[in-house]
1. Determine which single condition VAL130 fails, assuming it passes every other condition in (1) outside any loop (DSSP other than H, G, I, E, B); (2) more than 23 Å from GLY175 (Cα to Cα).
2. What number of residues in the range 136-150 are under 14 Å from the mean Cα position of the chain (by Cα) and either at positive phi or in contact (Cβ under 8 Å) with a residue 24 or more places away in the chain (or both)?
3. Right, LEU54: out of contact with any helix residue (DSSP H, G or I) (no Cβ under 9 Å at 6 or more places or on another chain), crowded, with 16+ Cβ neighbours inside 10 Å and in a loop (DSSP other than H, G, I, E, B) or not?
4. Looking only at the range 82-127, filter to residues that are without any contact (Cβ under 8 Å) to a residue 60 or more places away in the chain and among the aromatic types (Phe, Trp, Tyr); which one of those is surrounded by the most Cβ atoms within 10 Å (Cβ to Cβ)?
5. Of all the residues that make up the range 71-125, how many are part of a loop (DSSP other than H, G, I, E, B) and at negative phi?
6. For the range 114-143, enumerate the residues that are hydrophobic (A, V, I, L, M, F, W, C), under 26 Å from PRO159 (Cβ atoms) and modelled with pLDDT of 95 or more.
7. Sort out which residues of the range 156-175 are surrounded by fewer than 18 Cβ atoms within 10 Å (Cβ to Cβ) and either within 19 Å of PRO56 (Cα to Cα) or of a type in the set (Gly, Ala, Ser) (or both), and write them in order of number.
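The values are calculated or read from the model by the stated rules, or taken from the named source; none is laboratory data. A quick note: this is a predicted structure, and the numbers were derived from the prediction, not measured. So basically every Cβ, Gly included, is an ideal-geometry build from the backbone, and we count neighbours across all protein chains shown.
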Amino acid sequence: MISSMVFKLAVLVTVGYENGVDEIWIKTLSSGNVDASDTPDVFNYYNSLSNYHLYPSQTKCFRFSIKSCRDAFILLSAAIDLQSQDVYEICLGGYGNSEVYLRRKCNDADTLVISTPDILNCTGTITMEVRWTIDGSIFLYMETAAGPETILNWRYPIPLPIQGVGIMTGWGADGIWIIEQTCK
């Protein structure tokens, strides 16, 4: 059942200075063998950050750390509740933790695939940041010891108005997400 897979997660909130929320920890269990390549209602498998009162669309930025062996997904949607066919899907550690890919909508042939062997880590967290612009540019940065490294820099000629952001893990992988309240 979709609902039993989607809502099996744990949430831990950490409170920082002045009683503000610094970050939210979310554990996602595998949503199964689904992604936007062949699942028209893929948005139903994602956990919307708006459910946690996080609205990255306001800053056009989403900063997080992830611990997963492979197949961690981010959905950038034209709808705040993710219920839209107009989406960008980013997969981190796809194809056995060997690639990052970005696609628009279900069955869209225009998929960007980048070789990124072992980008995710089963035992430690990797910190990343997704940024986007109203002109259709999407950037993915990964924190390294030398500073931010650009993993993805892509511009779609007909941009989507991103209103909602969702996360999930799939294809047998679980994940722990640490969602930061703000970007650096």
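1. Just one mismatch for VAL130, condition (2).
2. Matching residues across the range 136-150 total 2.
3. Working: out of contact with any helix residue (DSSP H, G or I) (no Cβ under 9 Å at 6 or more places or on another chain): yes; crowded, with 16+ Cβ neighbours inside 10 Å: yes; in a loop (DSSP other than H, G, I, E, B): yes.
Considered against the rule, which asks whether it is out of contact with any helix residue (DSSP H, G or I) (no Cβ under 9 Å at 6 or more places or on another chain), crowded, with 16+ Cβ neighbours inside 10 Å and in a loop (DSSP other than H, G, I, E, B), LEU54 comes out as yes.
4. TYR101
5. First pass over the range 71-125, keeping only residues part of a loop (DSSP other than H, G, I, E, B): 71, 78-86, 98, 105-110, 116-125.
Those still in the list that are at negative phi too: 78-81, 83-86, 98, 106, 108-110, 116-117, 119-125.
Final tally of qualifying residues: 22.
6. Our first condition is that a residue be hydrophobic (A, V, I, L, M, F, W, C); within the range 114-143, this holds for 114, 119-120, 122, 126, 128, 130, 132, 134, 138-140, 142.
Checking which are under 26 Å from PRO159 (Cβ atoms) leaves us with 114, 119, 128, 130, 132, 134, 138-140, 142.
Matches in the range 114-143: ILE114, ILE119, MET128, VAL130, TRP132, ILE138, PHE139, LEU140, MET142.
7. Passing the criteria: PRO159, PRO161, GLY172.
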